[in-house]
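Peer 1: Below is the structure I would like to discuss, written out as structure tokens.
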Amino acid sequence: MADKTVGEPAPWPALFAPEERMGWTVTDRDQFRQAFTEPPPNPAPPAEGKEDRLQIVRRKLPGRLAWTWRLAAAGAVVGWTVLVHGDTKPDHHLSPQSVLISGAIGAVAVAVLWVGLLLGHLSLVRRYGSRRQTVAVHRHEAALEAWSARKAAFEDQETQRVSSMPRWLSTPAPGHRRIDVVGGNLWGWEAFLTVFGASALAARGPMVVLDLSGEQIAGELARGATASGLDVDVQLLPTESADSDLLVGLDVPSLVDIFIESLHGGDSKATRGERVLDARLLGALCDQLAAGGLTMARIAAGARILLNEPYAGDELSPTERDALAGQVFSESYREQSSSSLRVIEALADSLSGLGQRSQRRPAADLQCMAMSTTWRSGVGDFLADLVVAWAARRIAMDAEVATLVVAGADELAPRHLERLSDLCNRRGTRLVVMFRHLRQESFEMLGAGPVVFMNLGNPQEAARAADFIGHEHRFEISGLTRTLGGEQTHSLSDSDGGSEGLSQTVGRDSGIRSAGLTHAPSRSWGRSRSQTRNSDRSWGQTSTASNSDKWSNTESAQRVYEYTVEPRVLQQLPDYAMVLVEHTAAGVEVKAVEINPDIPLLQQTEPEPAAGWSAPMNTNPRQAVDGFAVDDAIGPWPGSPRAVAEAEQDSGRRPAKGRRNR
């Protein structure tokens, strides 16, 4: 984050809040939007068409005609009964013609009455059926309009509620004593120290930062702490070594242990005998110099005396010179140990300013020791080990240190970091160790607590980090088949036919028959005629309709064993993004976190969240982390052109100058 100019807002009040955080996570507020659960009103019944009503009438017509004939016959019987009853009178005579005429009149009257009633009924059905349909449609439209109004009001209320939710949620720091940070660049480290360090200072108390990167990445945190009214003490080494209190309060055994362990560091080639010999030489030298004070300049001068090298300085008194020349080791011993003495003399002389201060520096809320060397060197590595040893000594002495940050621990000896981790764990001090690379030595030191992975451009380091995060079994869809089909048929047929026939037969027969001379002839004749007439008429209607839909959806899944987080995701992380990994009894928890210190300025332009509101974290590690690769999944990263454009739209003004997108 660039320095704030006069009149521009600063995020310090929000950063130095008593809530220890790792950063922020972007929340998709629309995922908390609730759906309108009330179902829509039932649709109105479909209106019957003219063809439908015609088909209904045609289906019922044969039955109604049959009832007409039945009622006509009943009317004829009733009329005939009335006539018979009237014929019982003395002056009345019933004729067949009157019976037939009366029966026919009764049948016709009953049939006409029945047909009139039927037609009236059909008229009423058509009229009131249409009216009933209209009323049902109007009721449905009114119910649908009321339902739509309730839905619109609910959606407006949901929009207001979701808009009041914060877009950025703080990611609390894990409860473990140690946190390892791997990867990233100096800009990302600076942002992480600013965000995490500010909240840790406000929530836990005093903090010590060992900045071994050589780029003073804790400068932004120091400026924020000063602006927030906290006491800050910054030491640049070796530039300000004369005013440093690294050696204040050290006795001879402590100084010898720190010096020799820093001298050999992580050198695996140094044997135990070499370390013991160097400790013997330095211990004897410091014993002679302890009375006058233990400084690096006096140690270098004493080593030159033991090496019989010319010395013209005033760091040692004549008594000390004589004691070193005649009472400490023999000439042959010093000659055989000359190589070790030369190394001790060279290192002590290069740091001759250390030890000149006799009193501890004033206590401060934030104490930072930063390396000011611009290039890696043997003296710089030795000094870095001295600084770590100084911090371990402070922790061991139960100094009031709530948080210890070691930035740039790649070159430190594993045994030194392990010892420092044990001391912090026993004393209740949170330890944060930051590695630039995930080499084999750094990889072997992970696992004591949560691990934060930042950008790892090296593919081997990214693959090693993905292996550390772990693998998981998932079922991936390997095949998907969808089938949609339908069939609809509709047929209508009418038949009408008739037949009429007439047959007639006419015959005639005549003849004469004789039986002989004695018999008279006989004549016979006959005539026959027959006539047949038949008539037949038939009609009918057939209607057939069918409708069928078919839908099938088939998925086949295959069990695979893949990375929880792919290496390419770790290679493509932005500068101000990181992945927080925690191994728990329930499995691996992965969270995507953003660490841009200017995020609180974006929150100031958004409405305040509702009281008591909180949103659950995303528990799907793959979904949470894969979002880094695509901006649309979790929103643009702060500092990108898209983020600046959205900030301008939200605030309605040009946003304050923030951290440059490096």
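Peer 1: Can you tell me which of E158, E141, E215, E190 is open to solvent by 30 Å² or more (accessible area, probe 1.4 Å) and assigned to a helix (DSSP H, G or I)?
Peer 2: It is E141.
Peer 1: Let me ask something else. Scanning the stretch 590-608 for residues that are at pLDDT below 85 and assigned to a helix (DSSP H, G or I), which turns out farthest from P166 (Cα to Cα)?
Peer 2: L601
Peer 1: Have a look at R415, R394 and point out the one that is over 16 Å from L210 (Cβ atoms), in contact (Cβ under 8 Å) with a residue 24 or more places away in the chain and in a helix (DSSP H, G or I).
Peer 2: Sole residue among the options that is over 16 Å from L210 (Cβ atoms), in contact (Cβ under 8 Å) with a residue 24 or more places away in the chain and in a helix (DSSP H, G or I): R415.
Peer 1: Is it true that A363 is small (G, A, S), within 30 Å of S228 (Cα to Cα) and open to solvent by 50 Å² or more (accessible area, probe 1.4 Å)?
Peer 2: Here the answer is yes, as A363 does meet what is asked.
Peer 1: Still on this model: Here are V195, V209, V182: which of them is open to solvent by less than 20 Å² (accessible area, probe 1.4 Å) and over 19 Å from E20 (Cβ atoms)?
Peer 2: Exactly one of V195, V209, V182 is open to solvent by less than 20 Å² (accessible area, probe 1.4 Å) and over 19 Å from E20 (Cβ atoms), namely V182.
Peer 1: Restricting to the stretch 428-458, give me the number of residues that are at pLDDT below 90 and outside any loop (DSSP other than H, G, I, E, B).
Peer 2: 6
Peer 1: While we're looking at this one, here's another question. For the stretch 220-264, which positions are among the small types (G, A, S) and in contact (Cβ under 8 Å) with a residue 60 or more places away in the chain?
Peer 2: Residues satisfying the conditions are A222, G224, A225, A227, S228, S241, A242, S244, G249, S254, S262.
Peer 1: Note down all Cβ pairs under 8 Å where the first residue falls in the stretch 328-340 and is surrounded by 17 or more Cβ atoms within 10 Å (Cβ to Cβ), the second is acidic (D, E), and they're at least six residues apart or on different chains.
Peer 2: S340/E274; S340/D278
Peer 1: Considering only residues of the stretch 422-448 that are small (G, A, S) and open to solvent by 20 Å² or more (accessible area, probe 1.4 Å), which is farthest from W189 (Cα to Cα)?
Peer 2: G428
Peer 1: Restricting the stretch 280-309 to residues that are more than 15 Å from L341 (Cα to Cα) and of a type in the set (S, T, N, Q), which is most open to solvent (accessible area, probe 1.4 Å)?
Peer 2: Q288
The values are calculated or read from the model by the stated rules, or taken from the named source; none is laboratory data. This is a predicted model, so every value here is computed, not measured. Note that we place each Cβ from the backbone using ideal geometry, even for glycine, and neighbour counts take in every protein chain shown. Quick note on the areas: whole protein, heavy atoms, side chains included, nothing else; ligands and nucleic acids left out. Shrake-Rupley method; radii C 1.70, N 1.55, O 1.52, S 1.80 Å.
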